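One structure below.
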Amino acid sequence: MTDREAPAGDDYVGDERRRRLAKLESLRAGGVEPYPVRFDRTHTAAELHEVWDGLAPGEETDDVVRVAGRLLLIRRQGKLTFATLRDGTGTVQLFVSDAEIGRDAHASFDDLDLGDFVGAAGTVLRTKRGELSVKVATFELLAKALRPLPEKWHGLSDVDTRFRMRYVDLIANDDARRVFAIRFAVIAALREQLLGRAFVEVETPVLHAQAGGAAARPFTTYHNALDLPLSLRVALELHLKRLLVGGYERVFEIGRVFRNEGLGTRYNPEFTMLELYQAYADYRDMATLTEELVATCAEAATGSTTVSVGDQQLDLAPPWPRRPMLDLIEEHAGVRVHPSTPVSELEAFADRLEVPREIGWGPGKLVMEIYEKTVEPNLVGPVFVTDYPREVSPLARAKPEDPTLVERFEVVVLGRELANAFSELNDPVDQRARFEDQAKLAAAGDVEAHGVDEDYLRALEYGLPPCGGLGIGVDRLVMLVAGVSTIREVILFPQLRPETGETGVEGGAG
RNA sequence: GCGCCCCUAGCUCAACUGGCUAGAGCAAGUGACUCUUAAUCACUAGGUUCGGGGUUCGAGUCCCCGGGGGCGUACCA
């Protein structure tokens with residue numbers, strides 16, 4: 001039941017909310033339903049602007065339309081009122097006059113509040129000042145808003161509020177809507193390109209008995225009926241490759257993965273990955289595919305392959321340079337290293353370069369750390385960094401000419417990893433050995449290393465065709481294309497600490 | 001996790017080195033206005049200065065504890 005009294009903790013918007021609640025009651029008392037079931041509209045705002053584009057200022061038509069949206073601005077002008085209505089496609093002006101609908105109806109229009117959803121029917125005209133408008137003959141409240149909108153000019157800028165109440169952010173801030181439009185366009189473009197290349201889109205489990213496919217700490221949960229501890233997936237990889245064993249030749253999944261790690265400007269505990277696997281391809285094919293996918297996404301979302309982040313501008317048009325990791329280390333750090341370099345020498349290099357290290361790291365891990373600390377942050381890109389140490393790539397195929405390295409690349413843009421790909425390891429015996437190395441690390445206390453996945457090995461023993469695999473961090477791709485610097489700007493509801501205290505949400509202290 | 005910074009009206013922001021009754025715009029209320037575009041004009045109301053404690057004649061301002069947030073850093077194949 002509705003109650004005249006605001007629930008505890010809900011009066012922080014104070015009098016305004018109470019005033020609107022009272023208005024709600026008086027509307028009902030007057031026979032007006034403030035939340036009616038539906039409204040049939042004939043045109044969206046965008047359609048209206050498109051169809052009546054040629055209308056001259058001051059010109060009126062007899063064309064009757066029905067429009068609906070949220071009331072954003074009201075300019076009352078005595079016997080005439082102008083209002084700005086926004087729907088999902090844009091805005092349109094309502095033109096309300098005593099002469100058209102009578103004084104009483106006009107008064108009840110003026111009684112609407114900013115934020116209310118309204119439906120209106122009337123004729124199309126362009127005002128003398130050139131604004132395309134609907135001259136309202138009848139209107140109807142579609143949903144009463146009880147809370148006031150943020151400042152109409154500055155919008156909502158408190159980032160905490162923006163992320164906690166994304167619905168308000170989206171109402172108030174054009175830039176929020178712009179960024180998410182880019183996100184949706186990027187994801188649609190990814191899907192469209194892959195479907196066009198004969199990939200099938202699949203869905204694989206989120207709950208894993210054994211997390212794997214990436215070095216990351218998983219979230220754990222528990223299935224009661226099975227009496228079974230489970231992990232949320234940290235990668236899509238191992239199930240997708242099982243599907244190639246099953247006979248699919250090109251599969252992809254765009255899905256949420258979960259990593260139980262710190263959050264920050266570039267990290268959210270759940271984020272969206274694209275992973276794809278293609279039979280009879282290798283990491284070179286993946287590189288070509290990556291640059292085409294990314295450039296096409298940028299073009300589809302913004303009309304250009306040029307993106308700008310901060311004061312940096314870069315062009316994503318292919319081809320991007322391919323640079324072996326060991327060469328880049330030599331360029332940036334001035335040392336020639338290799339996974340066959342003695343560990344003591346690598347440790348000395350690390351110390352000289354002020355790269356933190358831990359006792360017991362193998363040569364591949366040391367090379368990788370030297371790269372990540374001295375090279376990666378300085379790469380502008382886009383660039384393919386190729387040929388990673390085998391030791392840090394347990395799922396990638398070794399390079400035939402140098403088995404201490406693997407056929408793998410990461411794409412780096414503005415010092416950040418955007419994509420990761422390799423020629424997939426399909427030798428079950430080799431894979432078992434790599435898993436066992438990982439299991440040793442896990443046993444030694446590495447919370448990110450995972451154990452031996454026996455079912456995956458069994459699948460490999462049935463035969464995995466040679467294949468290339470690619471993973472793209474979708475959120476980071478969107479950040480790049482949209483030109484924003486924090487991941488929270490591209491995730492609709494980023495992870496935050498729960499609200500506490502008297503915030504007007506939830507039922508108070510409980 | 002650690003370091004630095006921030007939190008004032010529904011929203012966006014003021015308030016000097018601690019000093020009079022914490023101000024302004026928008027939003028809200030009342031009134032005027034038939035072509036406005038962030039409409040304009042007049043008047044009105046609106047505050048637990050994030051919460052708690054302390055120092056002081058006096059705290060939005062200084063100190064301590066707590067909460068939330070931002071940035072950096074660490075963790076992050």
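Readers should treat all values here as calculations from the given coordinates under stated rules, not as data from a laboratory. Computed from a predicted model, the values in this text were never measured in an experiment. Counting neighbours? That spans all protein chains shown, and the Cβs are built from the backbone with ideal geometry, glycine included.
With the crude spin-label approximation of a point 7 Å out along Cα→Cβ, what separation in nm comes out for residue A:53 versus residue A:151?
With each label placed 7 Å out from Cα toward Cβ, I get 3.7 nm.
If we count chymotrypsin sites (Phe, Trp or Tyr not before Pro) as exposed when they sit in a DSSP loop and have at most 12 other beta carbons within 10 Å, what is the longest stretch of chain A that avoids them all?
Values: sites that count: A:12, A:153, A:280.
The longest uninterrupted stretch comes out as A:281-510.
Taking the simple approach of a point 7 Å from Cα along Cα-to-Cβ for both residue A:27 and residue A:312, what is their distance in nm?
The answer from the label model is 5.0 nm.
At residue A:353 and residue A:462, where each label point lies 7 Å from the Cα along Cα→Cβ, what is the point-to-point distance in nanometres?
Taking the two extended label points, one gets 4.3 nm.
Considering only the other residues whose Cβ falls under 12 Å of the Cβ of residue A:43, what net charge follows from Lys and Arg at +1 and Asp and Glu at -1? Numbers along the way, then the final one.
Details: positive: A:41, A:66; negative: A:40, A:47, A:50, A:63, A:87.
Counting the neighbours of residue A:43, the net charge comes to -3.
Please give the FRET efficiency for residue A:436 paired with residue A:193, using the beta carbon to beta carbon distance and R0 = 41 Å, rounded to the nearest 0.05. If you can, show how the numbers build up before the last one.
Working: r = 38 Å, r/R0 = 0.93.
Using R0 = 41 Å, I get an efficiency of 0.60.
Out of A:421, A:202, A:289, whose Cα points farthest toward the positive end of the dipole of chain A (charges: +1 Lys, Arg; -1 Asp, Glu; placed on Cβ)?
A:202
So what's the angle, to the nearest 10 degrees on a 0 to 90 scale, between helix A:283-302 and the longest Cα principal axis of chain A?
10
In a shell of Cβ-Cβ distance under 11 Å around residue A:277, excluding residue A:277 itself, what net charge do Lys and Arg (+1) and Asp and Glu (-1) give?
On the way: positive: A:241, A:242, A:250; negative: A:237, A:249, A:253, A:275, A:424.
Neighbour charge sum, excluding residue A:277 itself: -2.
Sort A:28-36, A:314-322, A:206-214 for me by packing, meaning the mean count of neighbouring Cβ atoms within 10 Å per residue, highest on top.
Details: A:28-36: 11.6, A:314-322: 15.4, A:206-214: 19.0.
Output ranking for A:28-36, A:314-322, A:206-214: A:206-214, A:314-322, A:28-36.
What does a probe at residue A:80 reach in the stretch A:25-62, counting residues whose amide N is under 16 Å from the point 7 Å along Cα→Cβ?
A:57-61
Debye calculation, C-alpha points only, no solvent: report log10 I(q)/I(0) for the stretch A:14-143 at q = 0.11, 0.20 Å⁻¹, in the same order as the q values.
Scattering profile of the stretch A:14-143, log10 relative to I(0): -0.37, -1.18.
Given 0.36 nm per residue, what is the gain on full extension from residue A:279 to residue A:175 after removing their alpha carbon distance, in nm? Could you put the intermediate results ahead of the total?
Details: separation 104, 0.36 × 104 = 37.44 nm, distance 4.08 nm.
That pair, residue A:279 and residue A:175, stretches by 33.4 nm at full extension.
If one puts a single equal scatterer on every Cα of the stretch A:157-241 and applies the Debye formula without solvent, what log₁₀ I(q)/I(0) results at q = 0.17, 0.21 Å⁻¹?
-0.93, -0.93
What number do you get for the stretch A:366-491 when its Cα radius of gyration is normalised by 2.2 N^0.38 Å, N = residues? Could the numbers behind the result be given before it?
On the way: Rg = 16.4 Å, N = 126, 2.2 N^0.38 = 13.8 Å.
That works out to 1.19 for the stretch A:366-491.
Any idea what angle helix A:174-196 forms with the longest principal axis of chain A, computed on alpha-carbon atoms, 0 to 90 degrees, nearest 10?
Orientation of helix A:174-196: about 50 degrees from the principal axis.
So if I take the centroid of the Cα atoms in the stretch A:155-195 and the same for the stretch A:275-344, what is the distance between those two points in Å?
26
Give me the net charge for the shell around residue A:317: Cβ to Cβ below 12 angstrom, other residues only, Lys and Arg +1, Asp and Glu -1.
Values: positive: none; negative: A:291, A:292, A:299, A:315.
Once all neighbours under 12 Å are counted, the net charge is -4.
Determine the shape class of the stretch A:185-307: with a ≥ b ≥ c the square roots of the Cα gyration tensor eigenvalues, call it rounded for a/c under 1.5, and otherwise prolate if a/b is greater than b/c, oblate otherwise.
On the way: a/c = 2.38, a/b = 1.45, b/c = 1.64.
It is oblate, given that a/c is not under 1.5 and a/b is not larger than b/c.
Where in the stretch A:96-178 are there GluC sites (Glu not before Pro) that are in a DSSP coil and have at most 16 other Cβ atoms within 10 angstrom of their Cβ? Spell out each step's value before the answer.
Numbers: sites: A:100, A:131, A:140, A:151; in loops: A:131.
Counting only loop positions with at most 16 other Cβ atoms within 10 Å, the GluC sites (Glu not before Pro) in the stretch A:96-178 are A:131.
For chain A, with equal point scatterers placed on the C-alpha atoms only and solvent neglected, what are the log10 I(q)/I(0) values from the Debye formula at q = 0.06, 0.13 1/Å, to two decimals?
Cα-only, vacuum Debye calculation for chain A: -0.41, -1.22.
How far, in nm, would the chain grow between residue A:304 and residue A:227 when pulled straight, counting 0.36 nm per residue and subtracting the alpha carbon separation? Provide the component values of the computation, followed by the final result.
Details: separation 77, 0.36 × 77 = 27.72 nm, distance 5.24 nm.
Here the answer is 22.5 nm.
When the Cα centres of the stretch A:56-93 and the stretch A:380-421 are compared, how far apart do they sit, in Å?
Cα centres, the stretch A:56-93 to the stretch A:380-421: 56 Å.
Using 1/(1 + (r/R0)^6) with R0 = 22 angstrom and r between the beta carbons of residue A:42 and residue A:140, what's the FRET efficiency to the nearest 0.05? Before the final figure, lay out each step's value.
On the way: r = 14 Å, r/R0 = 0.65.
Given R0 = 22 Å and the Cβ-Cβ separation, E is 0.95.
What's the angle, to the nearest 10 degrees (0 to 90), between helix A:343-352's Cα axis and the longest principal axis of chain A?
Rounded to the nearest ten degrees, it is 50.
So for chain A, taking the charge dipole from beta-carbon charges (+1 Lys/Arg, -1 Asp/Glu), which of A:389, A:370, A:258 sits furthest toward the positive end?
A:258
Given Cβ point charges of +1 (Lys, Arg) and -1 (Asp, Glu) and nothing else, what value in debye, to the nearest 20, does the dipole of chain A about its Cα centre take? Walk me through the numbers before you get to the answer.
Numbers: 59 positive and 83 negative charges, 238 e Å.
In total the dipole reaches around 1140 debye.
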